[in-house]
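Engineer: Just dropping this structure here.
The values are calculated or read from the model by the stated rules, or taken from the named source; none is laboratory data. Since this is a predicted model, take the numbers as computed values, not measurements. For neighbour counting, all protein chains shown are included, and Cβ atoms are generated from backbone atoms with ideal geometry for every residue, glycine included.
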């Protein structure tokens, strides 16, 4: 069966510090991968998606970037965090046009 | 007009009640419809996945899609306190190679014992 992992689970970072969130998927090959941010009262916002290694599409121009160094690994990064980057970050995977399956999430607080 | 509308709730019901959760949408290109359940501080969990119009049943859950009215519903029978969560609807059109989902903002459900 497929499993998706995210770490860390929670993170508190000062403004201006770098960020690296990691997501890995087990039990499937060549998944489509997604990064979302969920802010209170604002729903799920798609940040990036990837259909293959090294292929990243950005949905929202912002302070964040994403990379996919391996087939089942997806990384969300920032060089300098802003207060507005606080939120609940979710990684998801899908196969072709099927539904997306979400990870447990990382709660980021920028102070 | 927002692409997907969902009442935020909270919807409070007693244990054992039948719950009806709904979403309306404006994009007639949507073909795939999903319901997710999200517990507090957890990732969304896929509950139901349907294609085009019709009903789909899975245990206590029934998903209903009416494309002519652009309206989808999730029914929960014999609701339990463990059903207390936020329910998100999601939908997508026909894409090549990946799925871009449009989500509602979620309805919070509270089931009291």
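Engineer: If I ask for residues that are more than 7 Å from chain A (Cβ to nearest Cβ) and modelled with pLDDT of 90 or more, which ones from region B:90-103 would you list?
Structural biologist: Residues satisfying the conditions are B:90, B:91, B:102.
Engineer: Go through the residues of region A:52-71 one by one and say whether even a single one is buried (at least 16 other Cβ atoms within 10 Å of the Cβ) and either within 21 Å of residue B:104 (Cβ to Cβ) or facing another protein chain (nearest Cβ under 9 Å) (or both).
Structural biologist: no
Yes or no, residue by residue, for (1) assigned to a loop (DSSP other than H, G, I, E, B); (2) over 13 Å from the mean Cα position of the chain (by Cα); (3) at pLDDT below 95; (4) crowded, with 19+ Cβ neighbours inside 10 Å:
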residue	(1), (2), (3), (4)
B:64	no, no, no, yes
B:68	yes, yes, yes, no
B:74	no, no, no, yes
B:82	no, yes, no, no
B:88	no, no, no, yes
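Engineer: Here's something else I'd like to know. Of all residues in region B:1-26, which are over 23 Å from residue A:35 (Cβ atoms) and outside any strand (DSSP E or B)?
Structural biologist: Hits for region B:1-26 are B:1, B:7, B:8, B:9, B:10, B:15, B:16, B:17, B:18, B:26.
Engineer: Within 10 Å of the chain's Cα centre (by Cα), within 14 Å of another protein chain (Cβ to nearest Cβ) and modelled with pLDDT of 95 or more - does that describe any residue in region A:9-19?
Structural biologist: Scanning region A:9-19, I find no residue that is within 10 Å of the chain's Cα centre (by Cα), within 14 Å of another protein chain (Cβ to nearest Cβ) and modelled with pLDDT of 95 or more, so the answer is no.
Engineer: Here's another thing I want to ask about it. Which one is farthest from the other protein chains (Cβ to nearest Cβ), of the residues in region B:41-62 that are part of a loop (DSSP other than H, G, I, E, B) and surrounded by 13 or more Cβ atoms within 10 Å (Cβ to Cβ)?
Structural biologist: Ranking the candidates gives B:60 first.
Engineer: A further question on this structure: Inside region A:74-103, can you point out the residues that are assigned to a loop (DSSP other than H, G, I, E, B) and within 12 Å of chain B (Cβ to nearest Cβ)?
Structural biologist: Those that are assigned to a loop (DSSP other than H, G, I, E, B) and within 12 Å of chain B (Cβ to nearest Cβ): A:95, A:96, A:97, A:98, A:99, A:100, A:103.
Engineer: Give the number of residues within region A:40-51 that are surrounded by 14 or more Cβ atoms within 10 Å (Cβ to Cβ) and more than 10 Å from chain B (Cβ to nearest Cβ).
Structural biologist: Residues meeting the conditions: 2.
Engineer: If you don't mind, another one. Could you run through region A:84-111 and say how many residues are more than 15 Å from the chain's Cα centre (by Cα) and either crowded, with 21+ Cβ neighbours inside 10 Å or modelled with pLDDT under 95 (or both)?
Structural biologist: Matching residues across region A:84-111 total 6.
Engineer: Tally the residues that are within 14 Å of another protein chain (Cβ to nearest Cβ), within 15 Å of residue B:13 (Cβ to Cβ) and surrounded by 19 or more Cβ atoms within 10 Å (Cβ to Cβ), restricting the search to region B:104-113.
Structural biologist: The number of residues fulfilling the criteria is 1.
Engineer: Would you confirm whether any residue within region B:16-31 is surrounded by 17 or more Cβ atoms within 10 Å (Cβ to Cβ) and either facing chain A (nearest Cβ under 10 Å) or at pLDDT below 95 (or both)?
Structural biologist: yes
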